[in-house]
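The values are calculated or read from the model by the stated rules, or taken from the named source; none is laboratory data. Just so you know, these numbers come straight off a predicted model, no measurement behind them. Reconstructed Cβ throughout: ideal geometry from the backbone, glycine too, with neighbour counts over all protein chains shown. To get the accessible areas, we keep the full protein, side chains included, count just its heavy atoms, and leave off ligands, DNA and RNA. Shrake-Rupley method; radii C 1.70, N 1.55, O 1.52, S 1.80 Å.
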Amino acid sequence: LYDDEKECLWIGTISNVLFNYDIKQNQFSAIATDVLPHYPILAIEKDKDNTLLVGFDGQGVWELSDDNKTILNIYKEDADDPFSLRGNGVYDIFCDDNKRVWIATYTGGLSFFDQKSPSVTQLTHQINNKNSLIHNYVNKVLEDSKGNIWFATNNGVSRWDVAANKWHTYQPKG
């Protein structure tokens with residue numbers, strides 16, 4: 001579910017249908033169902049260029065044009081390409097204030113890219129390194145007012161202080 005500034009709700013379903021609900025017109029419409037893969041839609045986000053990013057469970061991220069009729073890019077894991085997405089099970093997509101697109105995946109940690117470049121950078125948990133992501137199963141990404149990026153994982157929360165390149169982890173006691 002994604003709420004954009006044009007008073008529209010974007011709804012992705014487990015049965016791979018992407019809907020747009022126009023709040024003003026009280027109208028539902030299916031979007032690009034003939035070009036999208038038949039996999040569950042788990043994440044939806046608009047980037048700063050107003051294109052729609054749709055995350056699938058098992059098919060990576062598909063970028064749709066502003067009119068939702070054209071596929072602009074498909075970001076998927078490619079074992080032969082170190083600059084590709086890490087993992088195709090996309091749980092969250094987040095666009096930060098610096099025009100970076102963050103993609104949280106179930107097993108691949110985090111991937112991000114600058115909207116001006118298709119090259120993807122990966123961030124993963126590094127064993128015995130406290131200055132890294134706490135766990136590779138990432139569920140949610142947020143940015144705070146100071147520009148820090150927060151990551152909810154299956155093993156706690158990580159905060160990346162981007163300016164200092166320092167990681168802080170928060171885990172439940174017990």
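Of all residues in region 39-84, those satisfying the criterion of being touching a residue at least 24 places away in the same chain (Cβ under 8 Å) and among the β-branched types (V, I, T) are I41, I44, V54, V61, I71. Condition (residue is among the β-branched types (V, I, T), closer than 27 Å to A163 by Cβ and either open to solvent by 10 Å² or more (accessible area, probe 1.4 Å) or modelled with pLDDT of 90 or more (or both)) applied to region 141-148: is it met by at least one residue? The answer is yes; a qualifying residue exists.
Do you know which residues across region 36-45 are open to solvent by less than 20 Å² (accessible area, probe 1.4 Å) and within 9 Å of the chain's Cα centre (by Cα)? Walk me through it before giving the result.
Step one: filter region 36-45 for residues open to solvent by less than 20 Å² (accessible area, probe 1.4 Å), giving 36-37, 41, 43-44.
Result: A43, I44.
Filtering region 149-174 to residues that are of a type in the set (A, V, I, L, M, F, W, C) and either under 21 Å from the mean Cα position of the chain (by Cα) or surrounded by 15 or more Cβ atoms within 10 Å (Cβ to Cβ) (or both) leaves I149, W150, F151, A152, V157, W160, V162, W167. Residue selection: G108 fails the criterion of being open to solvent by less than 70 Å² (accessible area, probe 1.4 Å), touching a His at 6+ places or on another chain (Cβ under 9 Å) and without any contact (Cβ under 8 Å) to a residue 60 or more places away in the chain.
Answer with yes or no whether D78 is over 24 Å from L142 (Cβ atoms) and at pLDDT 90 or above. Step through it out loud before you land on a result.
Numbers: over 24 Å from L142 (Cβ atoms): yes; at pLDDT 90 or above: yes.
The answer is yes for D78.
Counting residues that are under 30 Å from P37 (Cβ atoms), which strands (runs of 3 or more DSSP E) fully inside region 69-174 reach at least 2? Can you show your working first?
Values: elements: 71-75, 90-95, 100-105, 110-114, 121-123, 138-143, 149-153, 156-161, 166-170.
Counting at least 2 such residues, we get 71-75, 90-95, 100-105, 110-114, 121-123, 138-143, 149-153.
Within region 100-130, the residues that satisfy the criterion of being modelled with pLDDT under 90 and over 17 Å from A152 (Cα atoms) are F113, D114, Q115, K116, S117, P118, S119, V120, T121.
For region 46-57, how many residues are out of contact with any Lys or Arg (no Cβ under 9 Å at 6 or more places or on another chain) and open to solvent by 30 Å² or more (accessible area, probe 1.4 Å)?
Keep residues of region 46-57 that are out of contact with any Lys or Arg (no Cβ under 9 Å at 6 or more places or on another chain), which gives 46, 50-51, 54-57.
Remaining after also requiring open to solvent by 30 Å² or more (accessible area, probe 1.4 Å): 50, 57.
Final tally of qualifying residues: 2.
Considering only residues of region 119-137 that are out of contact with any strand residue (DSSP E or B) (no Cβ under 7 Å at 6 or more places or on another chain) and open to solvent by less than 60 Å² (accessible area, probe 1.4 Å), which is farthest from F83 (Cα to Cα)? Once the filter is applied, the top-ranked residue is N129.
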